[in-house]
Structures are given as C-alpha cells and as structure tokens.
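These notes concern the structure reproduced below.
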C-alpha cells in the first residue's frame, strides 16, 4: 500500500486565452497549478472480480436505454442542474463587498416571490448543510468532468468553495496561532441581492439566522471580524453525521483534479482536499474526537455533564460495548489523515462481514432509522478511501462486505416498517456500483423503479421556477423539497429518493472505480450526451 505523503509528478497544462494580461488578442499561456506532494495519486480501478449470487434477469439494453431516456428527459424538462444552481446560495459572485463567492444548498430555507424579486429566507438555523452538499457534489462533479457543462462546473466549484467556507468561517481575527483545521456546521453571511442567469433577481435574507444561541448539539456564535468575510455568524459543534458524504467526495474531486484543464477548478479542489486532510489529522490526533471552537474562539472537545465526549463529536463513544460499531468512520478518517488505515481493521469473529456495525447498527435502526443511512454511507466512504489510497486488499473486503450487507437488506423483515427503506437501499446500490460492486438484475431494476417514481413525484411537487409569473406572489417554494408523500392527516405514506441524491447516477457514470461487470441500470454515454444536448 502506498503511503501519505505521496510522490506526485508536476503537471503543467498550457492553454491559450484571448483575454487577460498582455496585448489585445495576444495568446496568453495558462499554467496549471502543480498538484502538491501530499496530494493523492490519480485513482485507478482495481476491477474487482466479485461474483454475486443469482438475483434476477438483467435489464435488456432496450430497457436500460428506456430508463436513460426517461431520466434524462426529466432532468432536461425541469432544468434540474440549473434549478439546484439557483437555489444553492451562500455568497453571490456579484456581492457588494467584492468577497469570494461560494454556494450552500440549505435545509430550513424557502423562496417567495414579490413582483420580479424572489427572496430566499430561513425558518430557522439549519445544521448539517455539509450533508446536503456532500450528497450532491460527487454527482455534479461527475457530470462536469464528463461533459464540461458550464452550469455543472459553476455549481460544483461553488459547492466546493462552500465546504471550504465552513473551515474559513471558524477562524477569528485575533487567533494566534491561527487554527484552520476545524470545520463549522455552517456559516451565515450577510444579506445581499444578486442577479442570476435569465435576469432573475434574488435577495438572500440571512436575518432570520443571524443571532447567537446556545444549544446542546450546536451554538451559533457571532464572529465579527472573520479574516475572510468580516461580520458572520458561525454554527459550531461539528457533527460526524455529515462526514461519510464529505469523505466520499474526496475520491471524485481527486479524479476531477487530474482530469481538468481548468486552473481555477484545480486550485479550489486542492484547497478543499488539503483542508479535509488537516481536519482529519486533527481528529486522529485527538483520539478520533472532533474539536470545535467556542465563544472565546478557543478549540475544545464537546463534553457531556459527566465528562464524556458527546457522541456526535467522537467515533469512540460506544467502543466499550460495540468495539467495531464505528470502525468504517474511523477507517475513512485515518485514510484521509495519513493515507493509511492506522490499525483500523473492521472485522472480528462477531461481525457478519467486513464493515458490519454489528449491535451498533441494530440499535441505530431501532432508535432512529435515519442513522442507518449514515452507517451505510460510512461503509461506502471507507471503500472509496481504501481505493483512493490504494489499499486494495481492504477495499476488496469492504466491497465484499457491501454485497453481504445488501443481500441482508434485501430480505430484511423490517423493510415493511419504513417507507424510506427501498429508496435508501436503491441509493446505496448506485453508490456501491460506483465503487466496484456489480449489481444483480433485481438490484438494477429496483434503482430504475425508485428513480422513475421519484421523477413523477418531484415533477408535480416541486416549485421549479419561483420567478415564473404564473407562480402567485407569496407562494412558498422550498429550497430543499421534501421527499415524502402524505395523506390528508399529514401522515407519511411513501418516500422517494432524496432530491439531493437524485443525480447520483452521474457519480456512478464518472467514477474511476465503477463496476465493469454485473447488471447495468443506465446507459452512461447516452445520459451524458443527453445532458450536453439540453
């Protein structure tokens, strides 16, 4: 296994520009920034020869093409990429302070129109914005690297800078020394107006979240002299819940850094990967605990009244009775911190497969089904990091463990108890295939079925263009639409794929680790071609 830091050959790519410094019309040399010594090597596919048990007839090429047409038509009809780009707002490029721009896709936010002006406002301060951003970023980056779509580029890099912003926001003006390895849950900048494509006026109203508060799992702190943006508010007490998505993003962003000929894209990616590297090293150094900063700007580890670390801020809260419960979280953190597993071995005689959370996972399902999504995604994140850092033997065990996990989920009697079960399993299947696990025929058909049903649901339930004059003034348009169908009493009757994961097939199509055997659910060439033709 190769180690961190790794040897990287300097890569210089030149291009010609007709604008910029120099004489008018004179070609200018563009020099790509070198990838630093510590940057991971270019991802390589191990091409696992994993044999899955019989699981139904594979979709025919005609069926795969039919699904691809249905899916791509929906994306084009709704301008899905442009819709996310307009709704993900942090600080606009044309902000009145001339500061660096970034994007965040918010929960707890909504849009309303008054005349030609749409306002984005908040019901309350959202916490886990890194989760929504992390769920979509691998897909938008995948679309961009396959198509060079300009909207996908701007959206992806805006989200990358948004993740970087949560590091920058946790720095105070009087820090000495500056500690830049701690990530906020999110930051709240200043209200401002911007003009989006298509002459769409938007006002981003942060006033509903710019206030200080103290809570068990998060505080909001007024950072008046942030070195990057000045007067902002910071949501602290970073949770591990977002990290499986952030960690997995690193594999796709490293791939994009090698494939791009855009120096700005490479710089943004290198900066974020470096920040995540620094944060994970800080976590490992502090015994797999996640530090934050308080009202005095000093770092600390969130503790409960009895002196133990809050469970959201550590990977070791349950080790005394479930030693491997969060092993995949520790493993993926270790890879990013050092390039190595650091002794994290996610199997023993009591586990059903490599990466199994054992009793920890059983308790999570019983207490909060939503926690299983985090556990499953940590399994994928650990696989993606093992591949990225060339630990092929561990990657092989993890992909075999994923197959065993999914075989169990397929026949689990609890499936009938949760409307989210099959949408979550379908998403897990897309990601598992993106990182090397071949699909069975039944699994490929499940993905197609869930995505088709989700497209029908979102087509009719989402306010796709708040600027459209046909939308009455004052209509509430959700920035992050719900995936749930409800009855007249407000009870959930059905769940669909999360809208922030609806683009996941693009991560599958662009992944350098994609399974080359097994059933296919989408025609990647036709999908990308359709998006380029929109």
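Each value in this text was obtained by applying a stated rule to the coordinates, not by laboratory testing. Model, not experiment: these values are computed from the prediction. Neighbour counts run over all protein chains shown; Cβ positions are idealised from the backbone, glycine included.
Derived from the Cα gyration tensor, the three semi-axes of the equivalent ellipsoid of segment 159-272 are 25, 21, 15 Å, largest first. Based on alpha-carbon centroids, what's the gap between segment 432-487 and segment 38-86 in Å, whole number please? Value for the Cα centre distance between the two parts: 16 Å. For segment 263-306, the equivalent ellipsoid derived from the Cα gyration tensor has semi-axes of 29, 13, 6 Å, listed largest first. Gain on full extension, evaluated as 0.36 nm per residue between residue 476 and residue 100 minus their Cα-Cα distance, stands at 132.4 nm.
If you take the alpha carbon atoms of segment 147-197 and fit the smallest convex hull around them, that volume is 107 Å³ per residue.
According to the Cα-based calculation, Rg over Rh for segment 298-447 is 0.98, with Rh computed by the Kirkwood formula. Of the labelled figures (1) 7; (2) 13; (3) 22, only one reflects percent of Cα pairs over 47 Å apart as derived from the coordinates, namely (1). Counting only DSSP beta bridges whose two residues both lie in the chain, roughly 90 percent are antiparallel.
Remark: C-alpha extents of segment 445-510 on the principal axes read 40, 33, 16 Å, sorted largest to smallest. Seen from a random direction on average, the alpha-carbon convex hull of segment 329-406 projects onto 4.9 square nanometres. Taking only the C-alpha atoms of segment 221-323, Rg followed by Dmax gives 16.7, 53 Å. Modelled this way, with points 7 Å down the Cα-to-C-beta line, the labels at residue 191 and residue 79 are 2.6 nm from one another. Translational diffusion coefficient of segment 411-469 (Stokes-Einstein, Kirkwood radius from Cα pairs, 20 °C, 1.002 mPa s): 161 µm²/s.
Note that segment 61-134 shows a convex hull volume over its alpha carbon atoms of 154 Å³ per residue. Semi-axes of the equivalent ellipsoid of segment 363-448 are 22, 15, 10 Å, computed as sqrt(5λ) over the eigenvalues of the C-alpha gyration tensor in descending order.
Treating r as the C-beta distance of residue 305 and residue 533 and R0 as 56 Å, the FRET efficiency rounds to 0.40. Can you give the percent of C-alpha pairs in segment 374-508 whose distance is more than 24 Å? Value for segment 374-508 (Cα pairs over 24 Å): 40 percent. Estimated at 0.36 nm per residue, the fully extended path between residue 50 and residue 259 surpasses their Cα-Cα distance by 72.4 nm. Estimated purely from DSSP H runs of n ≥ 4, each contributing -39500 (n - 2.57), the mean residue ellipticity at 222 nm for the chain is -13000 deg cm²/dmol once divided by its residues. If the label point is 7 Å along Cα→Cβ of residue 312, which residues in segment 276-301 have backbone nitrogen under 14 Å from it? Label zone hits: 290-293. Going from the fewest other Cβ atoms within 10 Å to the most, the residues 406, 283 appear in the order 406, 283. Distance between the modelled labels on residue 37 and residue 362, one decimal in nanometres: 4.9 nm (7 Å Cα→Cβ projection).
Across all C-alpha atoms in segment 45-199, the radius of gyration and Dmax reach 19.9, 64 Å.
The slack between residue 491 and residue 123, meaning 0.36 nm per residue of separation minus the straight C-alpha distance, is 130.3 nm. Of the residues 97, 229, the one with the fewest other Cβ atoms within 10 Å heads the list, and the complete ranking is 97, 229. Roughly how many whole Å is it from the C-alpha centroid of segment 233-305 to that of segment 375-391? Between the Cα centres of segment 233-305 and segment 375-391 lies a distance of 16 Å.
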